[in-house]
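The values are calculated or read from the model by the stated rules, or taken from the named source; none is laboratory data. None of these values were measured; they are calculated from a predicted model. All Cβ positions, glycine included, derive from the backbone under ideal geometry; neighbour counts span all protein chains shown. Ligands, DNA and RNA are excluded from the accessible area calculation, which covers all protein heavy atoms including side chains. Shrake-Rupley method; radii C 1.70, N 1.55, O 1.52, S 1.80 Å.
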Amino acid sequence: MTPHARILVTGASGFIGSAVCPALAAAGFDVRAASRAATGDLASFDRWDDLLAEVDCVVHLANLAHVSAAEIARARELNVEATGRLAQAAAERGVRRFIYLSSVKAEAGQAREDAYGALKAEAEHRLAAIQ
């Protein structure tokens, strides 16, 4: 990916996104930062054309971490379903690269013991199925 490419970063105001966005900008990339404050909740987002317009790459960091038993349904909607919808929309709009930050907790042994890891593993499977 050459500098000056436009990169959409979801979860831009989060722990990792707040470091990734400035680093990409310093490297010469045109960064479009998407955060809950800017775009609303990705779980209910439906304006993909606006978000993905002229984007060359998506760095998808948005997710719900530290998932409690009471939050599993909400976390699945954001971490799995919204991730799948975003990746599908990006593929349909010709985005050349989709980078998904998963977790070591998605590994087989970890995923069975941890709701967050299980959801990350589920999202990985969903992404692998997108053409």
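Pairs of alpha-carbon atoms within less than 8 angstrom and 6+ residues apart define the contacts here; what relative contact order does the stretch 1-76 have, in percent? Mind showing how you got there, number by number?
Numbers: 95 pairs, mean separation 30.9, N = 76.
The value is 41 percent.
May I ask you to give the solvent-accessible area per residue for the chain, in square angstrom, as obtained with a 1.4 angstrom probe? All intermediate terms of the calculation are to be shown ahead of the outcome.
Details: 7140 Å² over 131 residues.
Roughly 54 Å² per residue, with all protein chains present.
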Next item on the list: Once you have all Cα-Cα distances for the stretch 1-94, histogram them in 5 Å bins from zero and send the whole-percent values.
Entry: 3, 14, 24, 24, 19, 10, 4, 2, 0
Note to self: Compute the helix-to-body angle for 17-26: its Cα long axis versus the longest principal axis of the chain, expressed 0 to 90° and rounded to tens.
What the structure shows: 20 degrees
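Report relative contact order for the chain in percent, whole number only (criteria: Cα-Cα under 8 Å, sequence separation at least 6). Before the final figure, lay out the partial values.
On the way: 198 pairs, mean separation 30.8, N = 131.
Answer for the chain is 24 percent.
Out of the total accessible area of the stretch 6-131 (probe 1.4 Å, heavy atoms of protein only), what percent is carbon and sulfur? It would help to have the intermediate numbers written out before the result.
Details: 3530 of 6740 Å².
Using a 1.4 Å probe with all protein chains present, the stretch 6-131 comes out at 52 percent carbon and sulfur.
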Item checked: Ranked by how many other beta carbons lie within 10 Å on average, peptides 10-22, 36-48 from highest -> 10-22, 36-48
